[in-house]
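Take a look at the structure set out below.
The values are calculated or read from the model by the stated rules, or taken from the named source; none is laboratory data. On a predicted model such as this, the values are computed, not experimentally measured, just so you know. Cβ coordinates were reconstructed from backbone atoms using ideal geometry, including for glycine residues, and neighbour counts include every protein chain displayed. The accessibility values were calculated without ligands, DNA or RNA, using every heavy atom of the protein model including side chains. Shrake-Rupley method; radii C 1.70, N 1.55, O 1.52, S 1.80 Å.
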Amino acid sequence: MIQSRCRCCLLASIFCLSIAAADSIAAPEASALYAQYCAECHSANRLGAVGPALLPQNLQRLRKEAAISVIANSRPASQMPPFKDILTGPQIESLVELIYTPLKSVPAWGMAEILGSLQVYHKPGELPDKPLFDADIDNLFVVVELGDHHATLLNGDTFEPIHRFATRFALHGGPKWADNGRYIYFASRDGWISKFDVFNLTYVAEVRAGINTRNLAVSHDGRFLLVANYLPHTLTLLDATDLRPIKVIEVKDGKGHSSRVSAVYTADARDSFVVALKDIPEVWEINYADDPPAGFAGWVHDYREDSGDADKNRRFPISRIGIKGYLDDFFLTQEYDRVIGTSRGGPDEQGAAGQVVDLDLKRSVATIALPGMPHLSSAITWQYQGRTVLATPNIKKPEVTVVDMKNWEVIKRIPTKGPGFFMRSHERSRYAWVDVFFGPNRDLMHVIDKQTLEIVETLNPAPGKTSAHVEFTKDGRYALVSVWDDDGALVVYDADTLKEVKRLPMKKPSGKYNAHNKLTRSSGTSH
Ligand code: DHE
């Protein structure tokens, strides 16, 4: 069985391109190198798996010299190891030539293929509306275990597992709760969307919405799903009832340039999906109301070719907002009126500033000094001295950055023991938790006092093993931490005393998602 981390991740580093052999490498050898070192994560056909697709159309923002550097030295926030100790300079260059060579044909993944992949295991209304188990649905957690591609449904009162089930290979992004906890939607990196019936502990439908997928969002009324794809350059709109595709939206600018989609989120109060693009300097807002507001007039796309249903074809208008650069990562304010986004930047890009995009004014209104590659999809907000602040971990810098959301000035840079990935809190907790995901101190977890903006405690849940990603119970009394290891654990802490109260063995638990906190859009967690 394929492991979620490729074999090459085990390999070490230190390579100097200048001392490598100067011979050029023939194409067949490049293919063999690709098969040996790259295929397990990026797939043999280069269409992506745990790693992204490696095709010229997905590498537009990366110059070839930068691609050489990525293969030699790795890149931040990826699980890819550096290959400078393994491959010679010419071998790396030959791999770069290979991945910038167009495939003879990229498989089409449009309406027909998506519809062809649809599997409905239980028709809507077929299964009982009463849970098979006794627990507070509102306080359930779903925990994704990447180690063996499973998920565990956990009782958030007793911390006893209710059900453990297989998932699609390599889930990514937060599974989305919907319909007051009745359903959970999962997305895998290879495009599979699964709808799980929590009451009946079974999948009800699955569909492959893309070949290489980023994430999904569910409309706040539970009616629609929008899936963001890297390959093809599309957004797939699904009917949440049975995952039947409604539209495939091609992601292109006015000149016909296409783009990968960075991510999609739901803006509840606006009846909209908000979409960030990786290769086009635009943010899209796609309205899903039955009667879209006037602001969307003039931007209505005619998708009549997609289906014969004229009513559906007039729906889902798109408002395009031109911005200053690309957005790789973004955060939506609790009021859903603004997007705070950054370009991650490759080795050839700057990406030092965050920008604030006003969805009503339809333009960028401010910049924020965020040079540490903030992980904004993990940012949180809280009240501090009468104002709302946003706090984000940084993937490249050992600091948590705290920003005043009124004037967008950085009010504090809290030094940490290493760059972090995930940050969490809860309305009822005085603390915010942030991991140290990268570097030698990756087993540490900082606890920050939200009123003094100081680290008050640093926990070490499992010395030597990465600890990451916190989520709180519904009432904010307990915080659950992942020990991110095949021989890992879920560690439950009392969120006030910071003492451990329970430890459950798990196989590389990554994210965990509490029904109440997600459904109520708690300001302490991602949405
Ligand atoms: Fe993620 C969420 C992007 C690598 C684990 N990650 C997200 C989201 C985005 C994103 C846009 C928000 C989607 C959502 O929740 O709906 N992630 C990226 C990247 O661009 C990046 C850096 C490169 C890549 O490989 O795609 C990346 N992510 C990783 C990992 O390597 C992680 C650690 C392991 C994995 O699963 O591959 C990882 N990402 C996660 C998790 C979430 C996530 C656990 C959900 C966080 C949450 O609590 O909501």
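Of note:
- Stokes-Einstein D in µm²/s, Kirkwood radius over Cα pairs - the stretch 387-473 at 10 °C with 1.306 mPa s viscosity: 122
- Selection from VAL274, PHE199, ALA53 lying farthest towards where the dipole of the chain points positive, charges on Cβ: ALA53
- Figure legend: label point modelled 7 angstrom from the Cα of VAL456 along Cα→Cβ; residues of the stretch 370-390 with amide N under 15 Å from it are 383-385.
- Ranking PHE472, LEU140, LEU243 by Cα position along the charge dipole of the chain, where only Lys, Arg, Asp and Glu carry charges on their C-beta atoms, puts PHE472 farthest toward the positive end.
- Principal axis dimensions, the chain - Cα atoms, whole angstrom, descending: 65, 59, 48
- The residues of the chain expose, per residue, 40 Å² of accessible area to a 1.4 Å probe.
- Spatially proximal lysines relative to LYS252 (Cα-Cα < 26 Å; intrachain offsets below 8 disregarded): LYS64, LYS104, LYS278, LYS312, LYS324, LYS362
- GluC sites (Glu not before Pro) restricted to DSSP loop in the stretch 66-148 with at most 13 other C-beta within 10 Å: GLU126
- Under 21 Å from the Cα of LYS397 - lysines, other chains or at least 8 residues apart: LYS412, LYS417, LYS450, LYS465
- Its DSSP H runs of at least 4 residues, each contributing -39,500 (n - 2.57), put the calculated 222 nm mean residue ellipticity of the chain at -2000 deg cm²/dmol, to the nearest 500.
- Debye, to nearest 20: dipole size of the chain, +1 on Lys, Arg Cβ, -1 on Asp, Glu Cβ: 660
- Once Rg and the Kirkwood radius are both taken over the C-alpha atoms of the stretch 373-527, their ratio Rg/Rh works out to 0.94.
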